[in-house]
Amino acid sequence: MKYVLDRKISKSKIRILIERYAKLLGILLLVTFVFVLFSFANLAGSNVVKVDFSQLTISKVETGTFSDLLNTRGLAEANTAVFLNTETGGIVEEKMVSQGAFVEKGQLLARFTNTSLQLDVMSREAQVTEQLNFLRNTQMSIETNRLNLSRDLLEIELEISHLERRFKQASVLASSNTIAKDTVEAINADLHYFKARKALNLERQAQERSIRNVQLAQLEDSAAMLNRNLAYARANLNKLTVKSPVTGYLSEINLELGESKNSGDRLGQVDIPDQYKLRIMLDEFYLNQVSVGMQARVQINEMTHDITVSKIDSQVENGQFSVEAELPQSSQSIKRGQSLNVEIVLSDDDQNALLLSRGAFFSTSGGNWVFVLQADGNTAERRNIRLGKKNRDYYQVLDGLDAGEKVIISSYSSFDNAQTLKIK
């Protein structure tokens, strides 16, 4: 007799699957756990980077004087310059000097030719000469008329003198009945006629004198105006020659033989010697920091000269504005266009400042953090800092560093995500 307990009991399908894949699931869980541990280990290890000491530049934080200087370059320009322009235009026929030459005031620099202008001047000369001849003829006619009236007056006065003498003689003879009274009356009538004629001549002379004075004044004005026109026409020919308006250096001349120039074209520039200024282009960041009267220093022939900012052009172009400073007249070796090193003193010196040497680290950290060398000299820790102004050699340290600490100032580009550096 078999008992029920001896009967074979079959396993469920789920249990069979669990038993079959239990080992596989255990292996997968183990692999996942190891991968996670490895990832965390790598993440933690990425904060520490090993670097070679020979690749680092280390600087010590010092206490000293911080000079707030802006180091840049400026361009020497003529403080006083006179431009050369064409007045009439034409073709360059002759060029007497070359660029850079020293020229005297009135020295001939170039000569132009302009056929149309020359023909126009000749035509105007002929017209003016014709009008002047007409005015001279009119003046001669007026003067001739005046002389004729004067001559007529002289003849009338002579005739009156003769008639008065004859009338006096005839009156004596008529009283003795030597001559007839009709003769005396005829002489007296002629005398009255010539006296009336004389009065009429005098009146005519007075009228013509008044008219003549007005006419002569007008003729003189017209003649003066025509002479001025003639002089102006001839002066146009003189404008075909270019002369130096001042004594100085011909720093620029844009002329080539046979070249055609229009009226008003720029030909060149004459610089007054020993009068130069320095034009400095600055970033618009410094617009509120620079003012007129600010001191600066410029290097000329390995010598430093003190200069003063004389002009600021606040118009910003391409992110820059210009500053001008007059150069010392003692520096005679300066040439227009020469580039010079200049330091602009932005503020007074800070006598007790923390100084950190400038380096390539700034391009990566922006001056917000640095790697500070530890006492053992084998590690460097990342530390947040705050920098102030900068000059050619140093940054001004405001917070985060103490005097005597050593800072890596070389580039951080290869380990900018690290927190600690292990130095080999």
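Considering only residues of region 365-379 that are at pLDDT below 90 and loosely packed, with under 15 Cβ neighbours inside 10 Å, which is nearest to the chain's Cα centre (by Cα)? Taking the candidates together, the pick is Gly366. Looking across region 62-83, the residues that are within 30 Å of Ser260 (Cα to Cα) and in contact with a Ser or Thr (Cβ under 8 Å, 6 or more places away or on another chain) come down to Ala78, Ala81. Of the listed requirements (1) over 23 Å from the mean Cα position of the chain (by Cα); (2) surrounded by fewer than 12 Cβ atoms within 10 Å (Cβ to Cβ); (3) not hydrophobic (A, V, I, L, M, F, W, C), Ser291 misses just one: (1).
Considering region 276-311, the residues that are polar (S, T, N, Q) and part of a loop (DSSP other than H, G, I, E, B) include one that is modelled with the highest pLDDT, namely Ser291.
Here is a yes/no grid of residues against (1) assigned to a helix (DSSP H, G or I); (2) modelled with pLDDT of 85 or more; (3) farther than 30 Å from Pro273 by Cα:
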{"site": "Asp313", "(1), (2), (3)": "no, yes, no"}
{"site": "Ser322", "(1), (2), (3)": "no, yes, no"}
{"site": "Ser330", "(1), (2), (3)": "no, no, no"}
{"site": "Ala360", "(1), (2), (3)": "no, yes, yes"}
{"site": "Glu381", "(1), (2), (3)": "no, yes, yes"}
{"site": "Leu401", "(1), (2), (3)": "no, yes, yes"}
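Taking region 332-344 as the region of interest, how many residues are modelled with pLDDT under 85 and of a type in the set (A, V, I, L, M, F, W, C)? Residues that pass the stated criteria total 1. Restricting the first member to region 147-162 and to residues that are closer than 19 Å to Arg209 by Cβ, and the second to residues that are of a type in the set (Val, Ile, Thr) and at pLDDT 90 or above, no beta-carbon pair is closer than 9 Å while six or more apart or on different chains. For region 102-138, filtering for residues that are basic (Lys, Arg) and either assigned to a strand (DSSP E or B) or under 36 Å from the mean Cα position of the chain (by Cα) (or both) leaves 2. Scan region 274-282 and give yes if some residue there is touching a Phe, Trp or Tyr at 6+ places or on another chain (Cβ under 9 Å), surrounded by 14 or more Cβ atoms within 10 Å (Cβ to Cβ) and in contact (Cβ under 8 Å) with a residue 12 or more places away in the chain, otherwise no. Checked region 274-282: at least one residue is touching a Phe, Trp or Tyr at 6+ places or on another chain (Cβ under 9 Å), surrounded by 14 or more Cβ atoms within 10 Å (Cβ to Cβ) and in contact (Cβ under 8 Å) with a residue 12 or more places away in the chain. In region 163-185, the residues that are surrounded by 15 or more Cβ atoms within 10 Å (Cβ to Cβ) reach residues that are among the charged types (D, E, K, R) with C-beta atoms within less than 8 angstrom, at least six apart or across chains, in these pairs: Leu163/Asp190; Ala174/Lys181. Would you say Asn236 is touching a residue at least 12 places away in the same chain (Cβ under 8 Å), polar (S, T, N, Q) and surrounded by 15 or more Cβ atoms within 10 Å (Cβ to Cβ)? It is true that Asn236 is touching a residue at least 12 places away in the same chain (Cβ under 8 Å), polar (S, T, N, Q) and surrounded by 15 or more Cβ atoms within 10 Å (Cβ to Cβ).
The values are calculated or read from the model by the stated rules, or taken from the named source; none is laboratory data. Keep in mind the model is a prediction, meaning the values are calculated, not measured. Reconstructed Cβ throughout: ideal geometry from the backbone, glycine too, with neighbour counts over all protein chains shown.
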